[in-house]
Amino acid sequence: MLYRLPQLSDQDLLKAYVLEHMDHGENSISASVGLLGMAFPDWISKIHADASAGNVQWGKSLLFLCFDREKPIGLLSIRYELPEELIQTIGDIGYGVRPTERNKGYATAMLAHALSVCREKGMKRALL
């Protein structure tokens, strides 16, 4: 699988990703970090700012688009500088897989990648 930060050029594929969730009766998107409530360019700016500088409330985090070859499979959020008081309520790792791609092992692969990133960031434990 391929993991990368979203780009402005991903707007159409993320729109299709969101619509697929909605078509399956899902009104929230796991690991989307505000995608539904922001203008897309603002969301992209937030994701990149959170990855590089972080923010006071949430610390640093990564949000990856996850692909199997060229197909977008899901979103993976890794919060690696989360303040201690938030760890127990929101956790360090969140992920979601598009409805038509569930039960194919993608979430397991995404979790393995997230744990690898957590280890690289020096984390000794992670809460999902």
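The values are calculated or read from the model by the stated rules, or taken from the named source; none is laboratory data. Worth saying up front: this structure is predicted, and the values here are computed from it rather than measured. Using ideal geometry, Cβ is built from the backbone for each residue, glycine included, and neighbour counts are taken over all protein chains shown. The area values use the complete protein model at the heavy-atom level, side chains included, leaving out ligands, DNA and RNA. Shrake-Rupley method; radii C 1.70, N 1.55, O 1.52, S 1.80 Å.
Could you run through region 78-92 and say how many residues are out of contact with any Cys (no Cβ under 7 Å at 6 or more places or on another chain) and touching a residue at least 12 places away in the same chain (Cβ under 8 Å)?
Within region 78-92, residues that are out of contact with any Cys (no Cβ under 7 Å at 6 or more places or on another chain) and touching a residue at least 12 places away in the same chain (Cβ under 8 Å) number 8.
Give me the pairs: first residue in region 113-128 and free of Cβ contacts under 8 Å to residues at least 60 places away in the same chain, second residue open to solvent by 50 Å² or more (accessible area, probe 1.4 Å) and among the β-branched types (V, I, T), beta-carbon distance under 9 Å, and six or more apart or on different chains, which are they?
L127/I90
Looking at (1) modelled with pLDDT of 90 or more; (2) within 22 Å of G34 (Cα to Cα), which is the one condition that is false for I90?
Evaluating I90 over (1) modelled with pLDDT of 90 or more; (2) within 22 Å of G34 (Cα to Cα) leaves (1) as the failure.
Which residue pairs have Cβ atoms closer than 9 Å, lie 6 or more positions apart in sequence or on different chains, and pair a first residue in region 46-61 that is more than 20 Å from L8 (Cβ to Cβ) with a second residue that is part of a helix (DSSP H, G or I) and at pLDDT below 90?
If the second residue must be part of a helix (DSSP H, G or I) and at pLDDT below 90, the pairs left are Q57/L86; W58/L86; W58/I90; G59/L86.
Would you confirm whether or not region 16-35 contains a residue that is of a type outside the set (A, V, I, L, M), touching a Lys or Arg at 6+ places or on another chain (Cβ under 8 Å), open to solvent by less than 70 Å² (accessible area, probe 1.4 Å) and over 23 Å from L128 (Cα atoms)?
yes
Please state which one of D12, D68 is modelled with pLDDT of 95 or more and either of a type in the set (V, I, T) or farther than 22 Å from M110 by Cα (or both).
D12
From the list L5, L82, L115, L13, pick out the single residue that is aliphatic (A, V, I, L, M) and buried (at least 19 other Cβ atoms within 10 Å of the Cβ).
Result: L82 is the single residue among L5, L82, L115, L13 that is aliphatic (A, V, I, L, M) and buried (at least 19 other Cβ atoms within 10 Å of the Cβ).
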